[in-house]
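Participant: What follows is a single structure, and I will ask about it in a moment.
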Amino acid sequence: MGCKHSAPVSETESNSKEYGPIRDIVGGDAASKSYPLVGPEAIMKKKTHGTYIKPVQSKLRYGCDFKTADNICNHNRHLAEHFGYFTSGPRRRAFNKAVKEAKAKNKSITFFDSNTGLPLFTAPRGRSWDSFLNESSKHGWPSFRDAEVNWENVRCLRKGEAVSIHGTHLGHNLPDSSGNRYCINLVSIAGNPDGIDDTKEIMLYTDSAN
């Protein structure tokens, strides 16, 4: 017996500008204090380009390459970029430059969805840059805590997969003794805000890092 595939979701249902229909199905209350917010499997329903409606942005931040990003974000539910990807090759210089600039301003960095450009994570929050970087380097992927997740746009599925509400595969929740730890692919959070496809745009900083 062949596999039965769900009908593709229309662009109207999934487009990042059409918040209403999407937010009707994602589940969870972004104002909740109980994390992670759990969403339904329907978030990752087949759409017109894998789990989203089109490929990732063509010019991603931090030196991330398009092919790797599109495969992981839109055509994958389990695999990840290789261990240490975020600090190897061209990513090392680009990521370190962004961090250096943020640290000099005592600011956090907001990381955006590589598909939609919506804000997904802001780090560090409630800890120092050194704490965030040391933990991420130890595990091999950017590692975020509950307070660093933008729950308006992120959900976890029942088996721990972390996803954007529009269908971007992000990584997994791998809890440790300190609580939830969201182990996230850099290629999934290297987008430009609001879909602006321009890597020259100035880095967006947020509140103080501590």
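Values in this text are rule-based calculations from the coordinates and carry no lab data. Keep in mind it's a predicted model, so treat the numbers as computed, not measured. Don't worry about glycine lacking a Cβ; one is built from the backbone with ideal geometry, like all the others, and counts go over all protein chains shown.
Participant: Under the rule of at least 5 residues apart or a separate chain, name every residue whose amide H is placed under 5 Å from the amide H of S108.
Facilitator: T206, D207, A209
Participant: Sorted by mean Cβ packing within 10 Å, highest first, what order do the peptides 63-72, 142-151 take?
Facilitator: Values: 63-72: 19.4, 142-151: 21.6.
Averaged packing, sorted descending, gives the order 142-151, 63-72.
Participant: Please give me the summed charge of the neighbours of K67: other residues whose Cβ is under 14 Å from its Cβ, Lys and Arg +1, Asp and Glu -1. Please report the intermediate quantities before stating the final value.
Facilitator: Values: positive: K59; negative: D65, D70, E81.
Spelling it out: positives minus negatives among the neighbours equals -2.
Participant: Separate question: Among the listed pairs K67/K97; K45/K67; K33/K67; K107/K159; K59/K103; K47/K97, which are separated by more than 27 Å between their Cα atoms? Numbers along the way, then the final one.
Facilitator: Values: K67/K97 23 Å; K45/K67 21 Å; K33/K67 36 Å; K107/K159 33 Å; K59/K103 24 Å; K47/K97 36 Å.
From the list (K67/K97; K45/K67; K33/K67; K107/K159; K59/K103; K47/K97), the Cα-Cα distance tops 27 Å for K33/K67; K107/K159; K47/K97.
Participant: Another question, then. If you take every residue apart from D176 with its C-beta less than 12 Å away from the C-beta of D176, what net charge results, scoring Lys and Arg +1 and Asp and Glu -1? Provide the component values of the computation, followed by the final result.
Facilitator: On the way: positive: K138, R145, R181; negative: E135.
Its environment carries a net charge of +2.
Participant: Might you report the magnitude of the Cβ-based charge dipole of region 45-208 about its Cα centre, with Lys and Arg at +1 and Asp and Glu at -1, to the nearest 20 debye? Please report the intermediate quantities before stating the final value.
Facilitator: On the way: 25 positive and 17 negative charges, 51 e Å.
So the magnitude is around 240 debye.
Participant: Highest first, please rank the peptides 38-45, 118-125 by the mean number of other Cβ atoms sitting within 10 Å of their residues.
Facilitator: On the way: 38-45: 16.8, 118-125: 23.4.
Peptide ranking by packing, descending: 118-125, 38-45.
Participant: Mind listing the phi-derived Karplus ³J(HN,Hα) values for region 48-54, rounded to whole Hz, using 6.51, -1.76 and 1.60 with θ = phi - 60°, and x for any glycine or proline?
Facilitator: Per-residue couplings from phi come out as 7, 9, x, 8, 10, 8, 6 Hz.
Participant: HN-Hα J couplings of region 172-184 from phi, Karplus 6.51/-1.76/1.60, θ = phi - 60°, integer Hz, Gly and Pro as x?
Facilitator: Result, rounded to whole Hz: 9, 8, 10, x, 10, 5, 8, x, 5, 9, 8, 8, 10.
Participant: Continuing with this model, one more query. Once you list every other residue whose beta carbon is under 13 Å from the beta carbon of A162, what net charge do they have if Lys and Arg are +1 and Asp and Glu are -1? Working shown, then result.
Facilitator: Values: positive: R77, R145, R155, R158, K159, R181; negative: D113, D146, E148, E161.
In short, +2.
Participant: Each residue of region 74-91 in turn: what ³J(HN,Hα) in whole Hz from Karplus with 6.51, -1.76, 1.60 and θ = phi - 60°, glycine and Pro shown as x?
Facilitator: 10, 10, 7, 10, 10, 7, 9, 4, 5, 3, x, 3, 5, 10, 10, x, x, 5
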